[in-house]
1. Between a first residue in segment 318-338 that is farther than 16 Å from S301 by Cβ and a second residue that is loosely packed, with under 15 Cβ neighbours inside 10 Å, which pairs have beta carbons less than 6 Å apart while being 6 or more apart in sequence or on different chains?
2. Just name the residue that is nearest to S76 (Cα to Cα) out of those in segment 44-65 that are assigned to a strand (DSSP E or B) and either out of contact with any helix residue (DSSP H, G or I) (no Cβ under 6 Å at 6 or more places or on another chain) or modelled with pLDDT under 95 (or both).
3. What's the number of the only condition in (1) in contact with a Ser or Thr (Cβ under 8 Å, 6 or more places away or on another chain); (2) within 22 Å of R202 (Cβ to Cβ) that A39 fails to meet?
4. Anything in segment 102-131 that is of a type in the set (A, V, I, L, M) and farther than 22 Å from R174 by Cβ? List them, or say none.
5. For segment 1-33, enumerate the residues that are at pLDDT 95 or above, among the polar types (S, T, N, Q) and assigned to a loop (DSSP other than H, G, I, E, B).
6. Would you please list the contacts, defined by Cβ atoms under 9 Å and residues six or more apart or on different chains, that run from a residue in segment 244-258 that is without any contact (Cβ under 8 Å) to a residue 12 or more places away in the chain to a residue that is surrounded by fewer than 24 Cβ atoms within 10 Å (Cβ to Cβ)?
7. Which of the residues that make up segment 66-106 are part of a loop (DSSP other than H, G, I, E, B) and under 18 Å from the mean Cα position of the chain (by Cα)?
Amino acid sequence: MSELRTVRVPLAERSYDVLVGHGARHELASLIPSSARRAAVITQPGIPVEIDAGIPTDVFQIGTGEDHKHLGTIESLCRSFARVGLTRNDVVIGLGGGMVTDVAGFAASVWHRGIPVVHVATTLLGMVDAAIGGKTGVNLSGSSGDGGKNLVGAFWQPSGVICDLDALATLPPRERRCGYGEMAKYHFLTGDDLLAMDETERIARCVEIKADVVASDEREGGRRALLNYGHTLGHALEIETGHEMAHGEAVAVGLVYAAHLARVLGRIDDERVQQHLDVVGGAYELETSLPDGVDHTRLLSLMSRDKKALTSLTFVLDGPSGVEVVPDVSAESVLTALDAMAASRR
C-alpha cells in the first residue's frame, strides 16, 4: 500500500478524516466508531471493491441509476435496518459512488434520528465531491413543478471517508468523465494548477478545497454555495434529459454555460470564457455544448426551481472578485446566454 494522504475536515467535535490513496480501504476499521457492534453496508450490484469493517456486517444493495434515488429506497433501507436490529450506536457504510453515499448518508441521518455513517467512495465523482461534506438527499420525481434533484435530504456529516484510488482502475470511461466534471470546477474556485499535479495529489487537493469550504459554511448559508458552480444548469439538464446526461457530464456543460452567462452580464471577458472551454473541453475532454434540441424555455423553468433560487433566479458565477453567488439574474439574460452558447456550437 502506498503512502496515504489524510485530509481533515475541521468541524469541531464532528471533525473527521478523509483518507486518500491506493489501498486506503484497508484502513476502514480505524474509522468505525468504537460504539458500533454491527455495520449496514449500502452498495450497488457490480461494485468490485471488498471491504472489512472489523465487525459483523449486513449488506443491502440498492438499484443503479437516478430512478432509484427516491424516498421509497430510504423506506426500504430503514425496514431492512429494523429487520437486522441496527441500533443507534451502530454504523452505516456507504460503498459506492455519489448516489450511494447520498442515499446511505440520508438513511443514516433518519434511522433512530441519526446514526454514524462512513463512506467508501469508489468513483472519482464520489471522492472529490459527493462523499465529502455531509450533504445527503434524494430526488422527487414529477413534471408539474413538484419534482427536482436532491430536494429531500439532510446535512449529516460522516465519521470518516475512504478514497481508495485502486477503485479508479475499474471505472468505465464515462464514470471517470463524470468525476472530471466536478474536478473541473475546482480549477475556477481557487486558480490552482491542478493539471500540474499527479492523480493522488490532485484528488487530495480537491478534497482539501471542499473541506475548507465546508468548514467555513457547513449548512450552505453562504460560501458553500460556491461548490454548486456549474450545477444550476447541470441539474436542469439532468432532469430535462431524463438523466441520460450523468451528473458530472451535465455539470461540465453547466460550467461553460455559467461562463457564457457571466459574459452576458459583463462580469468576465471572452478570454475567460475561453479558459473555461480550455479546461472543460480541452484538458478534461468533456462535452461543452448543449444537447441537440433542448428547449431553452424549459431549461429556464427548471433552473428557477434550483435550491439557491430563494426569491429570484440565482447563479454561481465567475467575476472580477472570483466565483460568487449572484442573485436577481433576469430571465432575459439567462435565455440570451443559452442562445449564445447554442450559437457558439455552429
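The values are calculated or read from the model by the stated rules, or taken from the named source; none is laboratory data. Only a predicted model underlies this, so the values are computations on that prediction, with no experimental measurement involved. When we count neighbours, we look across all protein chains shown, and the Cβ atoms used for this are built from the backbone with ideal geometry, even at glycine.
1. From segment 318-338, the pairs are P327/S312; D328/S312.
2. The initial filter retains those residues of segment 44-65 that are assigned to a strand (DSSP E or B), namely 57-61.
With the extra rule that they be either out of contact with any helix residue (DSSP H, G or I) (no Cβ under 6 Å at 6 or more places or on another chain) or modelled with pLDDT under 95 (or both), the set shrinks to 57, 59, 61.
On the way: T57: 18, V59: 13, Q61: 11 Å.
Per the criteria, the residue is Q61.
3. It is condition (2) that A39 fails.
4. So in segment 102-131, the residues of a type in the set (A, V, I, L, M) come out as 103-104, 107-108, 110, 115, 117-118, 120-121, 124-125, 127-128, 130-131.
Listed by number, the residues that qualify are A104, A107, A108, V110, I115, V117, V118.
5. If the condition is that a residue be at pLDDT 95 or above, among the polar types (S, T, N, Q) and assigned to a loop (DSSP other than H, G, I, E, B), then S15 is the only one that fits.
6. Final answer for the pair search is E244/E238; E244/P291.
7. First, the residues of segment 66-106 that are part of a loop (DSSP other than H, G, I, E, B): 69-70, 85-90, 97.
Passing the criteria: K69, H70, G97.
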